[in-house]
Amino acid sequence: MKNGNIGTRIATASVLFVLITALTYMGGVYFLLLIGSISIAATREVHRLLAPGGLLPGKGALMAGVALVLAGAHFGEQYFLIVFYVAVTGVLTVHLALGADDISEYVRRAGMSLVALTLLAMMTGSAVLLRNIGDPLEGAGPPVWAWLKNELGFFLVAMAFLCGAANDSAAYFAGKWAGKTKLAPNISPGKTVEGGVAGVAASVGTALLVNSVFGSPFSIALASVCGLLAGVLSVTGDLIESAIKRNCNAKDSGTMLPGHGGVFDRFDGMIFVFPAFYIIAALLR
């Protein structure tokens, strides 16, 4: 591993950390802009990967669909569900109309569009729904830093982002330095069992640390479960994105983030983490 690559990766991660921390803390429309930027950039990359295989509708339509789902999430769960239902129904109907003369490719093309829409809208929409939960953290003691917000949504979004980052970094470096056993060679030859275990362990440790910093609103057991879920689901999301790239003969989803590849490369681990954390929040409310 070249030192220059490590330096570039760390520099990019540092800039992202500052930006994500600031906009997540401010919440509201600022967080919506953050997630909107991530989703639009990721949508462009996913479309670029899948378009040669016949992905329809076009890039603009797919981006509009994801943006509408995000807007729905910003106004509440019921609007998110309504817009998501309309978007999915619209995709299936559009493909039916466009393929009326030759229906043989309907399942493949409609499936490609639904995969793109579902992965992106589910990930980013859940993040917005989660951040907008303003319920106070029950049972939380004084946080380590007084400026931290006593909000369930802010707490879980912070935990999700930090656990995802810890998992990604630990898996990357452990895999490079000590990885020997391939995790899923047919999907992602570079990923190793050693890296995966290190990533999950780092995620659990980060969840416990975040919980402590916020005044321990969760029990050690619940915080550990959150970290474990974040670690395992991050690996799952990463492998799903790797499978998409492998099917499209691409190494990275893009080049927007030096040292990391594309935006979807960097945030693919969050595909299932945000929905899982939103479910946890719903069960706790």
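On the given criteria, is Gly254 open to solvent by less than 40 Å² (accessible area, probe 1.4 Å), in contact with a Pro (Cβ under 9 Å, 6 or more places away or on another chain), touching a residue at least 40 places away in the same chain (Cβ under 8 Å) and not in a helix (DSSP H, G or I)? No, not satisfied.
Taking the criterion of being small (Gly, Ala, Ser), in contact with a helix residue (DSSP H, G or I) (Cβ under 6 Å, 6 or more places away or on another chain) and under 15 Å from Gly164 (Cβ atoms), the residues of the stretch 196-245 that qualify are Gly196, Ala198, Gly199, Ala202, Ser203, Ala207, Gly227, Ala230, Gly231, Ser234, Gly237.
Name the residue, out of Leu55, Leu62, Leu70, that is at pLDDT 90 or above and open to solvent by less than 40 Å² (accessible area, probe 1.4 Å). Break it down stepwise before answering.
Values: Leu55 fails: at pLDDT 90 or above; Leu62 fails: at pLDDT 90 or above.
Leu70 is the lone residue from the list that is at pLDDT 90 or above and open to solvent by less than 40 Å² (accessible area, probe 1.4 Å).
Name the residue that is modelled with the lowest pLDDT, counting only residues in the stretch 167-195 that are in a loop (DSSP other than H, G, I, E, B) and touching a helix residue (DSSP H, G or I) at 6+ places or on another chain (Cβ under 7 Å). The selected residue is Gly179.
Can you say whether Leu229 is open to solvent by 20 Å² or more (accessible area, probe 1.4 Å), modelled with pLDDT of 95 or more and of a type outside the set (S, T, N, Q), as far as the supplied structure shows? Please lay out each step first, then the result.
Working: open to solvent by 20 Å² or more (accessible area, probe 1.4 Å): yes; modelled with pLDDT of 95 or more: yes; of a type outside the set (S, T, N, Q): yes.
For Leu229, the condition - open to solvent by 20 Å² or more (accessible area, probe 1.4 Å), modelled with pLDDT of 95 or more and of a type outside the set (S, T, N, Q) - is met.
Within the stretch 222-236, the set of residues being of a type outside the set (A, V, I, L, M, F, W, C) and either in contact (Cβ under 8 Å) with a residue 40 or more places away in the chain or on the phi > 0 side of the Ramachandran plot (or both) comprises Gly227, Gly231, Ser234.
Which one is surrounded by the most Cβ atoms within 10 Å (Cβ to Cβ) among residues in the stretch 174-196 that are among the aliphatic types (A, V, I, L, M) and in contact with an Asp or Glu (Cβ under 7 Å, 6 or more places away or on another chain)?
Taking the stretch 174-196 as the starting set, the residues that turn out to be among the aliphatic types (A, V, I, L, M) are 174, 178, 183-184, 187, 193.
Those still in the list that are in contact with an Asp or Glu (Cβ under 7 Å, 6 or more places away or on another chain) too: 174, 178.
Numbers: Ala174: 19, Ala178: 11.
The selected residue is Ala174.
Tell me, please, whether a residue that is of a type in the set (A, V, I, L, M, F, W, C), outside any helix (DSSP H, G or I) and either out of contact with any Lys or Arg (no Cβ under 9 Å at 6 or more places or on another chain) or open to solvent by 50 Å² or more (accessible area, probe 1.4 Å) (or both) can be found in the stretch 151-166. Within the stretch 151-166 (the criterion being of a type in the set (A, V, I, L, M, F, W, C), outside any helix (DSSP H, G or I) and either out of contact with any Lys or Arg (no Cβ under 9 Å at 6 or more places or on another chain) or open to solvent by 50 Å² or more (accessible area, probe 1.4 Å) (or both)), the answer is no, since none of the residues qualifies. Exactly one residue out of Phe84, Phe31 is in a helix (DSSP H, G or I), in contact with a helix residue (DSSP H, G or I) (Cβ under 6 Å, 6 or more places away or on another chain), open to solvent by less than 60 Å² (accessible area, probe 1.4 Å) and closer than 17 Å to Leu114 by Cβ: that is Phe84. Tell me whether the stretch 4-11 contains one or more residues that are out of contact with any helix residue (DSSP H, G or I) (no Cβ under 7 Å at 6 or more places or on another chain), of a type in the set (Lys, Arg), at pLDDT below 90 and surrounded by 17 or more Cβ atoms within 10 Å (Cβ to Cβ). Yes, there is a match, as at least one residue in the stretch 4-11 is out of contact with any helix residue (DSSP H, G or I) (no Cβ under 7 Å at 6 or more places or on another chain), of a type in the set (Lys, Arg), at pLDDT below 90 and surrounded by 17 or more Cβ atoms within 10 Å (Cβ to Cβ).
Close Cβ contacts (under 7 Å, 6 or more residues apart or on different chains) running from residues in the stretch 175-191 that are under 15 Å from Val235 (Cβ atoms) to residues that are of a type in the set (Ser, Thr, Tyr) comprise Gly175/Thr192; Gly179/Thr192; Thr181/Thr192; Lys182/Thr192; Leu183/Thr192; Ile187/Ser242; Ser188/Ser242. Looking across the stretch 114-163, just one residue is of a type in the set (Val, Ile, Thr) and over 21 Å from the mean Cα position of the chain (by Cα), and that is Val144.
As a summary of the residue check, His95 satisfies the conditions (1) farther than 30 Å from Ser212 by Cα; (2) in contact (Cβ under 8 Å) with a residue 40 or more places away in the chain; (3) touching a Lys or Arg at 6+ places or on another chain (Cβ under 6 Å) except for the one numbered (2). Between Gly134, Gly199, the distinction of being modelled with pLDDT of 90 or more and either open to solvent by less than 40 Å² (accessible area, probe 1.4 Å) or part of a helix (DSSP H, G or I) (or both) belongs to Gly199 only. Evaluated against (1) out of contact with any Phe, Trp or Tyr (no Cβ under 6 Å at 6 or more places or on another chain); (2) assigned to a helix (DSSP H, G or I); (3) open to solvent by less than 20 Å² (accessible area, probe 1.4 Å), Gly215 falls short on exactly one condition, (2).
The values are calculated or read from the model by the stated rules, or taken from the named source; none is laboratory data. Worth saying up front: this structure is predicted, and the values here are computed from it rather than measured. Here the Cβ is made from the backbone with ideal geometry for all residues, glycine too, and neighbour counts use every protein chain on show. Remember, those area values only see protein heavy atoms, side chains included, never the ligands or the DNA or RNA. Shrake-Rupley method; radii C 1.70, N 1.55, O 1.52, S 1.80 Å.
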